[in-house]
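Derivation of every value follows stated rules applied to the coordinates shown; laboratory data play no part. A quick note: this is a predicted structure, and the numbers were derived from the prediction, not measured. Neighbour counts are summed over all protein chains in view; Cβ atoms, including those assigned to glycine, are modelled from backbone coordinates with ideal geometry.
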Amino acid sequence: MTEQTPTRATPADALKRARRMWLKGERIHLAALSDELSIGRATLFRWVGNKDLLIGDVLWSLYDPLRQEALRATPGTGIDYVVGVYRHINSTVLHFGPLRQFIHQDPEYALKILTSSQSTLRSRTVEANTRLLRDQVARGQITPPMNIESLSYFMIRLAESCLYSDILGGREPRDEELEDACTAVRILLGGKA
């Protein structure tokens, strides 16, 4: 019988473990994570950057599959398609328990990770939304009355104002506000309310 050598941790292992921790509502501490993976802290920092970047990657690893699902599952074209994708994604995010727990554990930190100019999640979300808009323009399905990059940014900020209204405005997020945001996006795209 041959003795198996233990497998060494990889950057993917660090992300998977951090993701499991985040989904359970556990706080992520890089020192504890490096110990658990049996790697040095410097190695972990080289792999994931800092805690904020790691959590941004965790959130993107959850968001991007949802976005891909919305792109596949939403029928139609043009404005209806873009608004449908927007609604699908944001309705799911609005009711995602681990995210609500993350927000309630430390609202200021959550706001920074989710919405600040340094947020990798926000920048990736805006970039992905911009690609969706450009694709619909290239197909001749929409002709937005404004710059696509600005439109994309405004769409994401509208979603954030609904999704995180508990920390931004002191009121619980509601489906009705998300529907209002969808109406606003339709108008921003050049459609009728």
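For Ser117 and Arg17 in the same chain, what is the full-extension length gain: residue separation times 0.36 nm, less their Cα-Cα distance, in nm? It would help to have the intermediate numbers written out before the result.
Numbers: separation 100, 0.36 × 100 = 36.00 nm, distance 2.62 nm.
So the chain would gain 33.4 nm between Ser117 and Arg17.
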*Does a label point 7 Å from the Cα of Arg171, set along Cα-to-beta-carbon, have any residues of the stretch 106-122 with amide nitrogen under 19 Å, and which are they?*
none
*Would you tally the net charge around Ala184, using a Cβ to Cβ cut-off of less than 14 Å, leaving Ala184 out, and scoring K and R as +1, D and E as -1?*
-1
*If you put +1 on each Lys and Arg Cβ and -1 on each Asp and Glu Cβ, how big is the dipole of the chain around its Cα centre, in Debye rounded to 20?*
380
*asked:* How charged is the neighbourhood of Leu121? Take every other residue with its Cβ under 15 Å from the Cβ of Leu121, and add Lys/Arg as +1 and Asp/Glu as -1.
replied: +2
_Mean shadow area of the chain, taken as a quarter of the surface of its Cα convex hull (nm²)_ = 13.8
_the chain: angle of helix 148-163 to the longest principal axis, Cα-based, in degrees nearest 10_ = 70
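For a quick check of your reading of the filter: which trypsin sites (Lys or Arg not before Pro) in the stretch 81-154 sit in a DSSP loop and have no more than 14 other Cβ atoms within 10 Å?
On the way: sites: Arg87, Arg100, Lys112, Arg122, Arg124, Arg131, Arg134, Arg139; in loops: Arg139.
Within the stretch 81-154, the qualifying trypsin sites (Lys or Arg not before Pro) (loop, at most 14 other Cβ atoms within 10 Å) are Arg139.
To the nearest 20 Debye, how big is the dipole of the stretch 1-69 about its Cα centre, given +1 on the beta carbon of each Lys and Arg and -1 on that of each Asp and Glu? Don't skip to the answer; put the middle values down first.
Values: 11 positive and 9 negative charges, 24 e Å.
About 120 debye.
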